[in-house]
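Visitor: This is the structure, below, for whatever I ask next.
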Amino acid sequence: MTTMRISRTVSSCKEGTATVLTTGQQWEELRAFYWGQHRRIELAVECSHRAKEYEKALANFLNRTEKK
């Protein structure tokens, strides 16, 4: 499910793919921190997982584009 969300986010933005993925990762990390501070652990964990998905997507993207 998250992969589809990331794909839709990237395809709908005018910025470069690496920029979108980096921003998404940072945003989700910030959200995880926020929810953790407010003791909403489930939301914090969910955001943390999304941040890791953005990180993986960025690594995959960079690996694919560097090989070309």
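The values are calculated or read from the model by the stated rules, or taken from the named source; none is laboratory data. Values in this document were obtained by computation on a predicted structure and should not be read as measured data. Cβ placement follows ideal geometry from the backbone for every residue including glycine, while neighbour counts extend to all protein chains displayed. Surface accessibility is based on the protein's heavy atoms, side chains included, excluding ligands, DNA and RNA. Shrake-Rupley method; radii C 1.70, N 1.55, O 1.52, S 1.80 Å.
Visitor: Just the residues that are within 26 Å of Glu66 (Cα to Cα) and buried (at least 17 other Cβ atoms within 10 Å of the Cβ), please, taken from the stretch 39-54.
Guide: Arg50, Ala51, Glu53, Tyr54 - these are the residues of the stretch 39-54 that are within 26 Å of Glu66 (Cα to Cα) and buried (at least 17 other Cβ atoms within 10 Å of the Cβ).
Visitor: What pairs can you find where one residue is in the stretch 1-27 and in a helix (DSSP H, G or I), the other is of a type in the set (A, V, I, L, M, F, W, C) and loosely packed, with under 15 Cβ neighbours inside 10 Å, and their Cβ atoms are less than 8 Å apart, with a gap of 6+ or different chains?
Guide: Ala18/Leu62; Val20/Cys13
Visitor: Shifting gears a bit: Could you say whether any residue in the stretch 29-38 is open to solvent by 70 Å² or more (accessible area, probe 1.4 Å), modelled with pLDDT of 95 or more, of a type outside the set (Gly, Ala, Ser) and not in a helix (DSSP H, G or I)?
Guide: Yes, there is a match, as at least one residue in the stretch 29-38 is open to solvent by 70 Å² or more (accessible area, probe 1.4 Å), modelled with pLDDT of 95 or more, of a type outside the set (Gly, Ala, Ser) and not in a helix (DSSP H, G or I).
Visitor: Looking only at the stretch 9-28, which residues are open to solvent by 40 Å² or more (accessible area, probe 1.4 Å) and more than 15 Å from Phe61 (Cα to Cα)?
Guide: Across the stretch 9-28, the qualifying residues are Ser12, Cys13, Lys14, Gln26, Trp27.
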